[in-house]
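To start, the structure under review is shown below, and the notes come after it.
The values are calculated or read from the model by the stated rules, or taken from the named source; none is laboratory data. Everything numeric in this text was worked out from a predicted model, so none of it was measured. Neighbour counts are summed over all protein chains in view; Cβ atoms, including those assigned to glycine, are modelled from backbone coordinates with ideal geometry. Calculation scope for accessible area: heavy atoms of the full protein, side chains included, ligands and nucleic acids excluded. Shrake-Rupley method; radii C 1.70, N 1.55, O 1.52, S 1.80 Å.
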2 protein chains.
Amino acid sequence: MSHNNNPPTAVDVIIEHYEDNKMTGIVLVTRKNPPFQGMLALPGGFQEVGETLEEAAVRESKEETTLDVELYDCQLRAYSEPDRDPRAHVNSVGFVGRATGIPIGKDDAKKAGVFPLSQIPKLAFDHNKRVREYEEWKVLSK
Amino acid sequence: MSHNNNPPTAVDVIIEHYEDNKMTGIVLVTRKNPPFQGMLALPGGFQEVGETLEEAAVRESKEETTLDVELYDCQLRAYSEPDRDPRAHVNSVGFVGRATGIPIGKDDAKKAGVFPLSQIPKLAFDHNKRVREYEEWKVLSK
């Protein structure tokens, strides 16, 4: 198995932020590093050997936002177009979870904040597509 | 990005086999190589850099069964437990498609054949779990 010939996989996490049992929006981070440095993005990052994608989603959320995310039993699609990351061919699997508390940007995130779904700006990578996919899932799961 | 530290991803394909517009079963292959040498399994294999998971699913199906598979717009879950492949940590994403014609085992497949859903034996890896997931999807998609 030549790993150099197999794309790695990253996770994107839609973190529903709750306050007094009401959803206030989703958590976005400002990217500290290239590519898309300084742009808003979904929290996430690379899955490492030895962890499930779900574990990677919880770990990356914690590292970038300090929040403890409780994942729903929901996987969004695996995106695998070779050009979706300008660095290299990287797959991405989406997850949805919920968290409470104030997000604080750490690690690869310069900042973190809560954004109402009606006010999502242009995001890094294909993350706007991911947010639309989440919104469709949200309607269907009601 | 250290690829040595990121699991590669494989695809498993549920190929619905049709004859005279009637589904006769799904296609299984007999594995030519370890692990699970000689066992029945779903067709599939590793995604390579430069191809989408969907492209990998079509390519691997063709290589192992000679069939031209038309994928449905359906992704089954990404399985990512570190111990699901005895060789190394390998993710797997499932796909569902349909094909006609006689499957012939090639490449990594010693044999290929069509099995009615009521007669699926013990399969390699976690492929029985994948078949159950497909059956649930089949019920829901009706």
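Here are some notes:
- Per-selection metrics, segment A:91-142 (Cα): Rg and Dmax in Å: 12.5, 34
- Cross-link partners of A:LYS129 among aspartates and glutamates, defined as those whose alpha carbon lies under 15 angstrom from its own and excluding same-chain residues fewer than eight positions apart: A:ASP12, A:GLU81, A:ASP83, A:ASP85.
- This model, with +1 at the C-beta of Lys and Arg and -1 at the C-beta of Asp and Glu, gives segment A:70-142 a dipole about its Cα centre of some 260 debye.
- Using a 7 Å Cα-to-Cβ projection, B:ASP73 label spacings across copies, nm, ascending: 2.6
- DSSP bridge pairs, chain A: antiparallel proportion in percent, nearest 5: 65 percent
- Share of carbon and sulfur in the accessible heavy-atom surface of segment B:9-140 [1.4 Å probe, %]: 52 percent
- In order along segment A:22-31, phi translates into HN-Hα couplings of 10, 6, 9, x, 10, 8, 10, 10, 8, 6 Hz, rounded to whole numbers, per the Karplus curve 6.51 cos²θ - 1.76 cosθ + 1.60 with θ = phi - 60° and x for Gly and Pro.
- Rounded FRET efficiency, nearest 0.05, which uses the C-beta distance separating A:ASN128 from B:MET23 and R0 of 30 Å: 0.20
- A 1.4 Å probe run over the protein chains yields, for segment B:34-142, 49 Å² of accessible area per residue, whole-number rounding.
- Choice from A:GLY25, A:GLY113, A:GLY50 showing the highest fluctuation, given a GNM over chain A with Cα pairs closer than 10 Å: A:GLY50
- Percentage relative contact order, segment B:62-142, counting C-alpha pairs under 8 Å, at least six apart: 31 percent
- Alpha-carbon centroids, segment A:14-82 and segment B:81-108: separation in whole Å: 28 Å
- Both radii were evaluated on the Cα set of segment A:42-108; the Rg over Rh quotient, with Rh as the Kirkwood radius, amounts to 0.97.
- Estimated [θ] at 222 nm from DSSP helical runs (n ≥ 4, -39500 (n - 2.57)) normalised by residues in the protein assembly as shown, nearest 500: -6000 deg cm²/dmol
- In a DSSP loop and with at most 15 other Cβ atoms within 10 Å, the trypsin sites (Lys or Arg not before Pro) in segment A:1-52 are A:LYS32.
- Segment B:9-140 pair-distance distribution - Cα-Cα, 10 Å bins, rounded %: 13, 49, 34, 4, 0
- Computed as a quarter of the hull surface, the mean projected area of the alpha carbon convex hull for the protein assembly as shown stands at 15.0 nm².
- Buried surface between chains A and B: roughly 2700 Å² of accessible area, summed over both sides, computed with a 1.4 Å probe on protein heavy atoms only.
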